[in-house]
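Read the structure below first, then the notes.
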Amino acid sequence: MSRWPRSYLPALLIALLALAPIGVLFALASDSLALFDSHNLRVLTNTLLLLVLTMLGATLIGVPLALLTAYVQLPWPRLWLILLAAPLALPSYIGAFTLYAAFGPGGEIENLLGLPTPTMDGLWGAALVMSLYTYPFVMMTTRASLLSLDASLVNAARTLGMSLIACLWWVVLPRVFTGIAAGALLAALYALSDFGTPAIMQLDTFTRVIFVEYNAFGLGQAAMLSLQLMVIVGLVLFMESRVKGSTERPGRQLTLWPARWQTSLMLLSAMPVVLLAIVLPLTIFFAWLIREGTGGFEWQFAWNSAHASLLAALVAVILAVPVALAAIAGPFGRLLERITYLGFGVPGIVMGTALVYLGLQLPFLYQTLALLVLAYVMRFLPLAVGTVRSTAERLDPSMVKAARLLGASPAEAFRRITLPLTMRGMVAGAALVFLEAMRELPATLMLGPTGFETLATYLWRVYEAGYFGRAAVPGLLLILISAVGLALMLSGERRAEFALTEDHRR
Amino acid sequence: MQRRTFIQSLAAVGALGFLPSGVSRALAQEAQALSVEQLPALEGNLTLYLGRGEGGLYENVLDAIRKRNPKLNLQIRRGATAALTNTIVAEAKAGVRRADLFWAVDSGAIGLITDEGLARELPTDLTAQLKTGFQYPRWTPVTGRIRTLPFNTEKLSKEQIPDSIMALADSKLSIGWAPAYAAFQSFVTAMRLLEGEKATADWLRGVSRHAKTYAGELGVVMGVERGEVDLGLANHYYTLRLKSGKPDARLDLAFTRNDAGCLVNASGVLALSEGDLPINFIRYLLTKEVQSYLSSEAYEIPMVSGLSPPEGLPLLSSLSPPKVDLRQLADLRPTLSLMRKVGVL
């Protein structure tokens, strides 16, 4: 068939749109003076150190927790799973902000409890925060791999006299290496593109330095740094695509029944993670709320966040439908879909730099809500495409064929068969985009229209001015929004990841 | 009450004849600080670029102006002063002007814009309200600030602190600074103008060896108070504000002599678009009410003649700030590239 599927043309346009920021960056960077200097080397070192420490930290926390939630029979297993996965839903700058304010001499912990604590900043502070908020990636991917393993190998090793610990180390973990690697690379990707955490922890990584350059309107320099960052992002994405799924034949999974005190001990040792990642931010924000009230906060901020995010969600879903259909239609469509995935790899700060420049060239877009929404859409489109595609894939093509046979035009078949059946995926996709956009910080800082303060940008402004107490309301609202996001993940397309056993995952 | 004020003014008039002419002129200017009651109401759309809110206090001023003028639709874009300055210049180059007014916390940034010819000339009756030496044709200072060395009183005594900023590079003291902060960059610019490129680069290199970097200067002062560093480089008001909230703070102010370390700088405002509205808005910022509010609450130095400096600050006459034309602080680009070259930015 020489005729292209209908979805290719719009998908091609959307893919070109997704490539636009990279093109803009190249144009901008061409008039940058320095390609690479000693300062740059320090930034690169910091970024890579943070990357490695985050991967290590996320693995050290994530893998034991994966073993715990996959194999050990816990009381209320689903509750523990959700609780331990919850940091995934929180934006890490919330954690960085509260940890920074809580620790150190004169910090909130010393104020409230009188306990002196070390200062939390720099490389170690950033790495700790990153690990605390990215370990769920490792936990979830490792857990999925663990659940797909056949227990008989472990049982054989045990009957041959190997201890349980040795068994886990020598027999189980090597077989889930790809799962661990996939999760660690996701954590690495997060660490690379996050702006808030290194900025608050005062660690000069690429994202932070790009923001400094942008503030000095060294757009050329910012673009050059952005391209360097994109090279690293590209490398990580490449490695991630090379990680192959496990090919083992599924069997009955391992189940451990430790004594009650052992279970308690294991759960207890997981508590510091929950305390630092979830309880501490909540406590600090509530303490500020009680001490300083709701001063300075306006509901307009929340409404602005919701307004822009809703628009982004709508546009993203409308654009996602042709891309998802193209991806199903053929190999060229799949390539187009891959290209739109680029946006997800483009850190918000890089997207912001590119679009500020674009706006200056196209004054009708400059400082408009439209430009901000465009940034959200380009960044979070892959979330919508993913969910729409996975529902559309399950659609039985014979239904559309039957409709066509009965005389419906392609448009009518789309409107009456395809669209209603993919509606669920579209709603789920829109919700994901909405929640991500609500929490987005760097691009919102750079692109928001004049007077357009959102929850995230207000939190940032409060941090910069040193009026930490005023972060209470926006902080708690952002946590609430994240909780809604988590609930949605649990009920929607990703419910499978939270299933308790492999058997339920069909 | 009225009678007492009247007698006091009478007494003042009587005393005037015996005072040196400079002082009597200063006293006579007292009448020039207007009250908001004397100003026309503001109406219409106005976009203000605000070089960082300084934590709520500038916000309070703007809120009060909004409340007084319900027909004023004031849109505010907030950001770092340097960022907004560059934005305004970039916007002008691209032919998109969005701001009617720019309120910068740093006069170096303002010089950059007046040099580009983007700022409007202000009426002379407005600029005449300012203290002598602070009257400029195309912008007006709003409040002043002075560079200081806040130090931890448990770790240091005033005598241990060198009275030359250049001596800090070779000292053993641990120093807190915020190189990304606009006021700090203006200070480095002043040092560049006074001491030259090479001496400044050496100084930056020297200090960076025993310096801890903070995001902003409130952070610096908090770090000094916590004892994370011995000494900091910061504008005066952060220390005064922290001490007002925490009277037993282990914190005091030291001043260098006749160098960039005690530079007097000013926040300022300029009009970018035509019409009376931006000008009248500026008049509001120079009223008695706004000026004394910023002095008593934010501990900034009022710039309208006849108003006294905030509590806790030594008299300006007892200090010896360097002689730098504030407009020259506009030359920020060489400063930034110098700081980048040295690796502190």
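The values are calculated or read from the model by the stated rules, or taken from the named source; none is laboratory data. For clarity, every value in this text was computed on a predicted model and none was experimentally measured. Please note: Cβ atoms are built from the backbone with ideal geometry, for glycine as well, and neighbour counts cover all protein chains shown. Accessible surface areas use protein heavy atoms only, side chains included; no ligands, DNA or RNA. Shrake-Rupley method; radii C 1.70, N 1.55, O 1.52, S 1.80 Å.
Across segment B:285-341, the volume of the C-alpha convex hull divided among the residues equals 148 Å³ per residue. Modelled spin-label separation between B:Asn258 and B:Asp125, with each label point placed 7 Å from Cα along the Cα-to-Cβ direction: 4.3 nm.
In order along segment A:301-311, the Karplus-derived 3J(HN,Hα) couplings, from 6.51 cos²θ - 1.76 cosθ + 1.60 at θ = phi - 60°, round to 4, 5, 5, 4, 4, 5, 4, 5, 5, 5, 4 Hz, and Gly and Pro are given as x.
Its Cα centre serving as origin, segment A:32-267 has a Cβ charge dipole (Lys and Arg +1, Asp and Glu -1) of approximately 1000 debye.
Among beta bridges from DSSP that stay inside chain B, the antiparallel ones total about 55%. Just to confirm my numbers, what's the Cα centroid distance between segment A:206-239 and segment A:128-156 in Å? What the calculation gives is 32 Å, centre to centre. With a 10 Å cut-off around each Cβ of A:94-105, the average count of Cβ atoms from other chains is 1. For the protein assembly as shown, give the share of DSSP beta bridges that are antiparallel, in percent and rounded to the nearest 5; count only bridges with both residues there. In the protein assembly as shown, approximately 55 percent of DSSP beta bridges are antiparallel ones.
If R₀ is 41 angstrom, what is the calculated FRET efficiency for the pair A:Leu160 and A:Trp76, using the beta carbon separation as r and rounding to 0.05?
With a Förster radius of 41 Å, E is 0.75.
Distance between Cα centroids, segment A:38-104 to segment A:169-198: provide it in whole Å. Here the two parts' Cα centres lie 10 Å apart. On the basis of the beta-carbon distance and an R0 of 45 Å, A:Arg394 and A:Trp261 show a calculated FRET efficiency of 0.50.
Interface size, chains A and B: roughly 2700 Å² of accessible area buried, both sides included, 1.4 Å probe, rounded to the nearest 100. Note that segment A:21-30 has calculated 3J(HN,Hα) couplings of x, 5, x, 4, 4, 5, 4, 5, 5, 5 Hz, one per residue in order, obtained from phi through the Karplus relation 6.51 cos²θ - 1.76 cosθ + 1.60 (θ = phi - 60°); glycine and proline are x.
Let me know the charge dipole size of the protein assembly as shown about its Cα centre in debye, to the nearest 20, where only the beta-carbon of Lys, Arg (+1) and Asp, Glu (-1) is charged.
In debye, rounded to 20, the protein assembly as shown gives about 2080.
Summarising the amide proton neighbourhood of B:Thr47: residues at separation of 5 or more, or on other chains, whose placed amide H is nearer than 5 Å comprise B:Gln75, B:Asp100, B:Leu101.
Modelled spin labels at A:Leu275 and A:Gln300, positioned 7 Å past Cα toward Cβ, are 4.2 nm from each other.
Annotation: amide H-H contacts under 5 Å for B:Asp252 (H modelled 1.01 Å from N, sequence separation of 5 or more, or interchain): B:Phe151, B:Thr153.
Restricting the chymotrypsin sites (Phe, Trp or Tyr not before Pro) of segment A:347-386 to loop positions (DSSP other than H, G, I, E, B) with no more than 14 neighbouring Cβ atoms within 10 Å leaves A:Phe364. Here A:Thr45 and A:Leu335 are evaluated by their C-beta separation; at R0 = 51 Å the FRET efficiency comes out at 0.90. If you roll a 1.4 Å probe over chain A with all protein chains in place, what percent of the accessible area is carbon or sulfur? The computed percentage sits at 69. Converting phi to 3J(HN,Hα) with the Karplus coefficients 6.51, -1.76 and 1.60 and the offset θ = phi - 60°, segment B:64-72 yields 5, 5, 4, 5, 5, 10, x, 8, 8 Hz in sequence order, with x at every glycine or proline.
Taken residue by residue and averaged, Cβ atoms of other chains lying within 10 Å of the Cβ of B:76-86 number 5. Amide H contacts of B:Asp106: B:Gly268, each under 5 Å away and 5 or more positions distant or on a separate chain (H built 1.01 Å from N in the peptide plane; Pro and chain starts excluded).
Straight Cα distances below 29 angstrom link B:Lys341 to the lysines B:Lys93, B:Lys172, B:Lys198, B:Lys212, B:Lys323, with same-chain residues fewer than 8 positions distant left out. Placing unit charges on each Cβ (+1 for Lys and Arg, -1 for Asp and Glu) gives segment A:32-267 a dipole about its Cα centre, and among A:Thr197, A:Met224, A:Ala166 the Cα reaching farthest toward its positive end belongs to A:Ala166.
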